[in-house]
Structure formats: structure tokens, C-alpha cells
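Participant: My questions will all concern the structure given below.
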Amino acid sequence: MLVNPNPNSLDIEAERQDVQTAARAIGQPHLTLEASNARDLETAFATIVQRGTGALLVGTGAFMTSQRERLVALAAQHAVPSSYNSREAVVAGGLMSYGTSLTDAYRQAGIYAGRILKGEQPGDLPVMRSTKFELVLNRKTAKVLGLAVPDKLLALADEVIE
């Protein structure tokens, strides 16, 4: 897993803990690498290659999102199957993503804005969590990596990029 070690982000720490717990539960070795700048990304990928890591989960957060294209390029350069939290990384050439639908989140924000414009007080509106998650696969990237994507996974995907 690759994360930005932002000490002010409880979400990133919770994500890190969840992944460690899941890895232990299925008996998989787990390595968390940290990156907060471009040089750290290069170092992280060198470590991934050196250790023969089989796959990479790219963590959430503004830094990872801003480095999406660089991360996809490094994963391709080093032939590391990588999973991201947003479909935009898969559109950019990443292997796969699973995460909340930004389109749905924007729609929800628009509904909130409409309610506020109609006179409701923001403090009276309920807190909403994402309810729509999407799995996006890039079949072309899978082929380049020499991976066969099971038909069952293709059937479950919300979008398959050819």
C-alpha cells in the first residue's frame, strides 16, 4: 500500500489500519510505503520492485489524487498491477479502481445546494455518506501486464475500459 503520511488526516490512518487488518485476515504479507513528494514516489516504486511486490493499492488523499498520472506511469514502467480509489486513474491507464462515484457525490452536493437555496439551513441537513461505489477495470492495461481478468470480475464491473 502506498500512502501519504499526512499526520492531520485521520481518514488515511484509518484506511491504513483497515488494509493491514484485511491483509492479516487473509494471511497476506503487507507492506505500507509512504510518499509525500515526487522523489518519494520513485523510491517507493524502487522498493516495490526490489521486494518483488505482487500488487499495489494506492491510498486516498489529495497528494495521491494529484499524482494520479505519475503513479499510473510508474506502475506501467515497473509492471506493477495497481488499484486506485477513483475511476480517473483507470481512465489514465491504471489497472483497476474501486471507490465512491464522484458523479454521484456531485449530484448529492447539487441536491444539498438546491435545498439550501430553497431556504433550508445547512446545519439542519442530514450528513450523507456515499452510497454508490463503482468498480472500474482497464482491460488493455491487464493485457499489457499479462493478466487474465476473470469473466466473473468483468461481469461485476460497473465499467470496463477496452
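Participant: What are the aspartates and glutamates whose alpha-carbon lies under 18 Å from the alpha-carbon of K143, with same-chain residues fewer than 8 places away excluded?
Facilitator: Filter leaves D151, E159, E162.
Participant: Hey, another quick one. Testing the spin-label approximation: label points 7 Å from Cα along Cα→Cβ at R115 and E162. State their distance in nm.
Facilitator: Output for this residue pair reads 4.1 nm.
Participant: To continue, here is another question. Tell me, in nm to one decimal, what length is gained between T32 and L145 on full extension, where the rule is 0.36 nm per residue of separation less the Cα-Cα distance?
Facilitator: Extra length available between T32 and L145 comes to 38.4 nm.
Participant: A further question follows. What is the order of S86, S9, fewest Cβ neighbours within 10 Å to most?
Facilitator: Least to most surrounded, the residues fall as S9, S86.
Participant: Taking the Cα centre of the range 1-96 as origin and charging only Cβ (+1 Lys, Arg; -1 Asp, Glu), how large is the dipole, in debye to the nearest 20?
Facilitator: About 220 debye.
Participant: Under 5 Å between amide H atoms, partner at least 5 residues away or on a different chain: which partners does L135 have, H built in plane at 1.01 Å?
Facilitator: Here the answer is D158, E159, since their amide H atoms fall under 5 Å of that of L135.
Participant: Taking the Cβ of each residue in V58, V19 as the centre, tally the other Cβ atoms inside 10 Å and list the residues starting with the fewest.
Facilitator: So the residues, fewest neighbours to most, are V19, V58.
Participant: Based solely on its DSSP helices, what 222 nm [θ] is calculated for the chain when runs of n ≥ 4 H residues each add -39,500 (n - 2.57) and the sum is averaged over all residues, nearest 500 deg cm²/dmol?
Facilitator: Mean residue ellipticity, 222 nm, calculated: -14000 deg cm²/dmol.
Participant: Remind me, relative contact order of the chain in percent, using alpha carbon pairs under 8 angstrom and six or more residues apart?
Facilitator: With pairs under 8 Å counted, the relative contact order is 17 percent.
Participant: Hey, what angle do you get for helix 10-25 against the long axis of the chain, alpha-carbon based, 0 to 90 degrees rounded to 10?
Facilitator: 50 degrees
Participant: Let me ask something else about it. Which trypsin sites (Lys or Arg not before Pro) from the range 1-87 combine a DSSP loop assignment with at most 14 other Cβ atoms within 10 Å?
Facilitator: Answer by residue number: R51.
Participant: Could you work out how far the C-alpha centroid of the range 10-79 sits from that of the range 114-156, in angstrom?
Facilitator: The two parts, judged by their Cα centres, are 20 Å apart.
Participant: Go through [x] 16.9; [y] 18.5; [z] 17.3 and flag the label whose value is the computed Kirkwood radius over Cα pairs in Å for this structure.
Facilitator: Read-out from the structure maps to [z].
Participant: Right, something else. Counting other beta carbons within 10 Å of each residue's own, what order do F45, F133 fall into, fewest first?
Facilitator: Final ranking by Cβ density, sparse to dense: F133, F45.
Values quoted throughout were computed directly from the atomic coordinates according to the rules given, and no laboratory measurement underlies them. Here the structure is a predicted model, which means the values were calculated and not measured. So basically every Cβ, Gly included, is an ideal-geometry build from the backbone, and we count neighbours across all protein chains shown.
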